[in-house]
1. Considering Cα pairs under 8 angstrom that are at least six residues apart, work out the relative contact order of region B:101-168 and quote it in whole percent.
2. Between B:ASP204 and A:ILE251, what's the calculated FRET efficiency when r is the beta-carbon distance and R0 is 45 Å? Round to 0.05.
3. In whole percent, what relative contact order does chain A give with Cα contacts below 8 Å and a gap of six or more residues?
4. Given the pairs B:LYS45/B:LYS89; A:LYS96/B:LYS105; A:LYS168/B:LYS115; A:LYS96/B:LYS76; B:LYS89/B:LYS137, which are separated by over 19 angstrom at their Cα positions?
5. If you consider only alpha-carbon coordinates, what radius of gyration and Dmax does region B:211-286 have, in Å?
6. Residues of B:92-98, mean number of Cβ from any other protein chain within 10 Å of their own Cβ, rounded to a whole number?
7. Quick check on chain B: of the DSSP beta bridges with both residues there, what percent are antiparallel, nearest 5%?
8. Rank these for me by crowding, A:TYR74, A:TYR50, going from fewest to most other beta carbons within 10 Å.
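Please treat every number below as a calculation from the coordinates, not as lab data. Note that the structure is a prediction, hence the values are computed from the model and not measured. Heads up, the Cβs are rebuilt from the backbone with ideal geometry, glycines too, and the neighbour counts pull from every protein chain shown.
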Amino acid sequence: MLWLTYRQHRMQLLVTVAALIVVGTLLLVNGSSAASSRDPAAHFRDLYTYLSWLQVVPVAIGVFWGAPLLANEYERGTTKLAWTQSVSRFRWLGTKLGFLAVLATLAGLAFGAMMQRWLEVFPTNRGDTSFTNRFDNPALFAMTGVAPGAWWLLGFVLGTAAGALVRKTLPAIAVTIAVTVGLMIGVTNVRDLYAEPQLVTVGSGGQDPGGRVVEMVRDATGEITALKILPQDWYWRFQWTEAAILIGFAILLAGVAAVAVRRRS
Amino acid sequence: MTESAIVEATGLGKRYRRTWALRDCSLSIPTGRVVALVGPNGAGKTTFLHLAVGLLDATLGSVSIKGATAFLAQDKPLYTGFTIAEMLKFGKRLNPGWDDEFALKRIDSLQLPLKHKVGKLSGGQRAQVALTLALAKRPDLLVLDEPLANLDPLARHEVMRGLMEAVAETGMTVLLSSHVVSDLENTCDWLIVLNGGRVQVSGDIDELVAGHRILTGPAEEADSVSRRVPIVEDTRSGRQATLFARTEPVPLSPQWSERPVSLEQMVLAYLRRPDSASLPRPTLATA
């Protein structure tokens, strides 16, 4: 079954590996020249313009890995071939889904680690850092740490579940794009709610609160008395929260796919 | 009488939304037979076969198969991007009883190069590869859904010959569906006629053919004849009546003539009259 899964999907796997190598090379070249440059921000901007598009990779994983996984088999009638061998439907789906889910997650984690290493080149202690900051910049948050692993996994499982329900490749792709993009926008908007922000009273010194300001608290006269902030060192806490939410969702969708495949009608 | 059944269906029914694709289907198929499942398009043949091999769940009743089964679906699905060698590897990896030697020998005798992509084969070659995949599982029962559909006459012959060779070699039971009766005339020995989702005929072909006659005689005497023998089809034209009767030779008045029927004539007579049936009488064992 592992061989079959690899053989059926090796094109997607090879393209993904090649893309990771290309992105990694770009990051390496850009990062090493930025490290020795007087104006690293320019180097950052050069690459970031394109890199920010990589946020949509989970959608691509859903479209190229997930949606065709079952929809293409239903469409071509090869489910009738696969399900009449001496391997149960459950094992068939489990191997396909499990093997590729692990690979999608690993690929996402590798991408996150590469992005992470690249960002470390850029100093965070001078000028406006919110742009290069992996916590404050929502695009970077989703492309660093464990979040990309979870997002790529979710994209894949969502595409698979769409294929299992719709049973046609093109409509499954459409559903995958719509739902994944919707989820990405939705999750980005609720991300600040993962934890109750810390209340920091504004002192006379006006020192750096050390985090992202989400709300300003004013007194009756309109004077700012306190700030609600999300401290920078909550990055990992937020990363794991997001990963947990996405993985939970992916497990749910895997269940949906399994129920859809078990239906014999 | 002591032939054991390899397929046994009791009260089998399948409903899609509001329409019944198959209804009240009870039959048993004896081991070692080559069974023709015949019926017009939409009669429920594919539904019955899919229920038998477990691709569908029955709405009512049940069907069971004793032994290992191989299935060849109507469109002969194969992974088009695979080579023939990879298709065989698929069979090997997914089936513990796989006979690799047999598979390689059969592909070789068909003069198909193992490196060829399945998607580039002709319809007949594709059918042969799909059949090889099914046969190399060494099944006790081979189920084929319209194996000859979309094949040219030469390919039909080749596929059928390959199938019959395998049957002769292994003695497996074969259940194949078709809507072309002439394809089955010399190959099958058991007939099931399915019409409008119901089983109309099920039995040994030789016995069935021997058990039917076409009686021709004056129309005014036809009613008295049809009271004596079961009539499948009754055609009157002016003064003459043609009765398609399910009967052994019967004594008739000299104005009547009787002639034997062919398999095709018999199937057509039943298909034209969906309300008549020729089923084995219930035996005590299955009561």
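1. Contact order relative to length: 34 percent.
2. My answer for the efficiency is 0.25.
3. Result for chain A is 24 percent.
4. Cα-Cα > 19 Å for B:LYS45/B:LYS89; A:LYS96/B:LYS105; A:LYS168/B:LYS115; A:LYS96/B:LYS76; rest within.
5. Computed over the Cα atoms of region B:211-286, radius of gyration and Dmax are 13.2, 47 Å.
6. On the way: counts 1, 7, 11, 3, 2, 1, 2.
So the per-residue partner count for this stretch is 4.
7. Details: 37 of 55 bridges.
Of the beta bridges lying entirely in chain B, close to 65 percent run antiparallel.
8. Values: A:TYR74 19, A:TYR50 10.
By the 10 Å Cβ count, ascending: A:TYR50, A:TYR74.
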